[in-house]
Structures are given as structure tokens and as C-alpha cells.
1. What ranking of H94, H234, H344 emerges when the number of other C-beta atoms within 10 Å of each C-beta is taken as an exposure proxy, fewest first?
2. Mind listing the long-range amide H neighbours of S269? Cut-off is under 5 Å, sequence gap 5 or more, other chains count too, H placed in the peptide plane at 1.01 Å from N.
3. In sequence order, what are the phi-derived ³J(HN,Hα) couplings for region 344-358 according to the Karplus relation 6.51 cos²θ - 1.76 cosθ + 1.60 with θ = phi - 60°, rounded to whole Hz, with x for glycine and proline?
4. In nm, to one decimal, how far is the modelled label at H234 from the one at Y221, with both set 7 Å along Cα→Cβ?
5. Residues of region 88-120 with the amide nitrogen closer than 13 Å to a label point 7 Å from the Cα of R77, along Cα-to-Cβ, please.
6. Can you compute the charge dipole magnitude of region 1-139 about its Cα centre, using +1 on each Lys and Arg Cβ and -1 on each Asp and Glu Cβ, nothing else charged? Give it in debye, rounded to the nearest 20.
7. Under the rule of at least 5 residues apart or a separate chain, name every residue whose amide H is placed under 5 Å from the amide H of A122.
8. What Kirkwood Rh does region 310-371 have if only Cα atoms enter the pairwise 1/r average? Answer in Å.
Amino acid sequence: MVEITVDRFSSLVTKVYDGGLEPAVWSTVVQDLSTLLDGTTISLQAHDVTGRTGLGIITSETDDSFQRAYSDYYATRNVWLEQMNDVPVGRSIHTDDFYARRDLVKTEFYNDFLRRQDFVAAGALVLKRTAGSVLVLSATMRDDQSERQTANMRRIFDLLGPHILRSIDTMAHVPRLSPGEDYRDTVEHGSDAVFFLDRSGCVTHANKAGTRMRQISTDLYCDRTGRLSMRDPHADLALRDALQQISNAQYRQLKGDFAIRRKGAASSSATIVPFRNGREQAIFNGIFESRPIALLLVRDPCATALPTKLHGFGLTPAEISLALAITQGMSPRDYAEARGVSLHTVRTQLKSVYAKTETNRQSQLVALALSG
């Protein structure tokens, strides 16, 4: 039985969680697991089960031809994978448990691929399953290792499995940036609103300015599923078209800049760009439908500055949103239509804004906001 010290286990767990924040680290994780299991080939594999195609692989195998052969063809012939549809997520299994070797040796997958590597069996841990796709961590064993390494594989997978599952789940919600970019400085604390969107237009993450804009702006809103929409129909169409083009990697057709027009007020501007994934991240895109694929930047100086200038008056988010619209020249009636509320509600909120700010008309409120 393989011995794993507390320090070594802690180091592995740390790297596993690092992988949830930076996918390039998974290459190190699979290599460390391979070393721990005496050279057993460890692979992180994504598959489209319905289409019988491989979506990508990260492997400890140093032979490049192994990875190319599997990705290009033998992923479609993997008879083990066909049996994994009923395996619960998080359970470690051995291929002998559901596919007898007497049947395996009759297959093309064994005779033309596994046998050339002297592979006879594998252990696996199902990490993620979505409609038609599966992400699996596997330990492929050679003939002289199989019996000894099966127990080791089960023990290591059982120990690390909960941590790997948690880290993989994190990847669906935490946005990635390209190497060298400082997320905190360039995105989180910037004055412009930034939204990370998945292929359906749902917000997977927003910076502070973006979160504030969702609370107070009349320009955009999210439905119950988190899907971002623009109240300006032309801007909303531009957003949908851009997301479709980014999703299909049609970057030449992408028109990344568009205006968000307001009735009775100045327009704000928006830019949408592909959120490019590195080579190590590519295999996860087919597994996580909610992975961010685009970054939307909305520039509206008034929207980000006004809450600070009116800070201290005890305005609610709804009242701040109304105050912002009024200072930009929007009438109460237009605001009510944009927010989908009654004019009576808007007038009641406006009276509260005037009372809290000790103003009694629009011009005084604008002067107060501009004076800070």
C-alpha cells in the first residue's frame, strides 16, 4: 500500500484547489498523482458521451503520440466510457467492475491502443456530468501494476475525491484571466462595470461597479436565471449577436462596441470581448455550460459616481437608482416605464429622495449630486 504523509497530502490538496482558480495547475496535479502511484498514467478527460467524441485530455503521459492518438481517434472507441453513464459523481470505480477483461481484449480500443501501451485496466473518478458530457479523472494501469495499484488508486481517489469535486465546481463560477493580468487592479476595483457572461448570457461574475449597476441602473436587468438583458432593444440584440459569435468563435464578425440608449437621457457605451481560455482550460468548456466566454464592459460615469456623491443620505438602492435617472434628465414617467413600475410608486420614491436629501425639485438634486 502506498504511503502518503500528511505534508504530501496537504501539498496535493493545495494544488487541487489551485486548479480551481488556475486551470494550468491541473497538469501539475496529474503529474504528482502519477508519481505518487509509481508511474501510473493519470489523465483528466472530458468527453461528449452522446457524440462519442473527446473534448480534451490532460495527462501525465510524456509520449505526445499517446495524447494525440487518444484525442484524435481512440476517445471515440473508449468502451469503458460507455459504461460510466450510471456511475455516480464522486465514486471511484475500477474498469474490471463493469467491463470484463475477456470482453475488453476483443475490442479495437484494447488491441490498437491499450495493448500498445501495455495497459489492461483503469481506475476512474467521475467529477462532473452534464447533459451528454462527462469529466473523468482516470488512472490507467499497466499489466505488471494492475493488481497492486488498484488498491492504491482507490485509496488516493477516495482521499482526494471530495477536494477535487469541490475545486472542479469552483471552476464553473470563478472567472479566469490571462497570465500576467492583475484581476484585482484591472477589474474588481475599476470604476467601469464589468460582467463575465456565459454562452446563454447569464452573469457568472460581476465586479463591484457591475454589481452596483445591476442594483441601480435602468439600462439593464437580470431575470431569475441570471440572464443579463438590455432594456434598449437595439443594445439587447447587439449583445445576443455578440454572444453567439463569441460562442461560435466567429471573431471576424464580432462587433464588440455598441451604445445603450435611454429614453430622455444620454446614452452609455458597452464593449464585449471574448474571454479567451488557455490550452489547459479548453477541455472544461464542453463540460461547464456556465463557464464565462465573454467580458462585457459598460461605461457610464454617472452611474458609478452618483452613489458615492449621495452617500450618507440614507437612500435605498431603489431611491439611488431613481436619483441617478432624474439627474440624467429622465422624467418620472419614463423611469417608471423603464423599470416596469407604476408612476405612483416612482412619485412616492421621489418624494422620499427629496425629503432625505433636503431638496424639493430636480435641479436641486442635480446640483447636490454634482457638488458631491
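Taken together, the values in this text are just the output of simple stated rules run on the coordinates, not laboratory data. Everything quoted here is computed from the prediction, not taken from an experiment. Note: ideal-geometry Cβ built from the backbone for every residue, glycine included; neighbour counts use all protein chains shown.
1. Listing H94, H234, H344 from fewest to most nearby Cβ atoms yields H344, H234, H94.
2. So S269 has HN proximity to I260, R299.
3. Going residue by residue, I get 4, 4, 5, 5, 5, 5, 5, 4, 5, 4, 4, 5, 5, 9, 6 Hz, with x marking Gly and Pro.
4. Here the modelled spin labels are 2.2 nm apart.
5. 105-117
6. With only Lys, Arg, Asp and Glu charged at Cβ, the dipole is about 360 debye.
7. For A122, the qualifying residues are T95, D96, M141.
8. Numbers: mean 1/r = 0.0874 Å⁻¹.
Taking every pair of different Cα atoms in region 310-371, averaging 1/r and inverting gives 11.4 Å.
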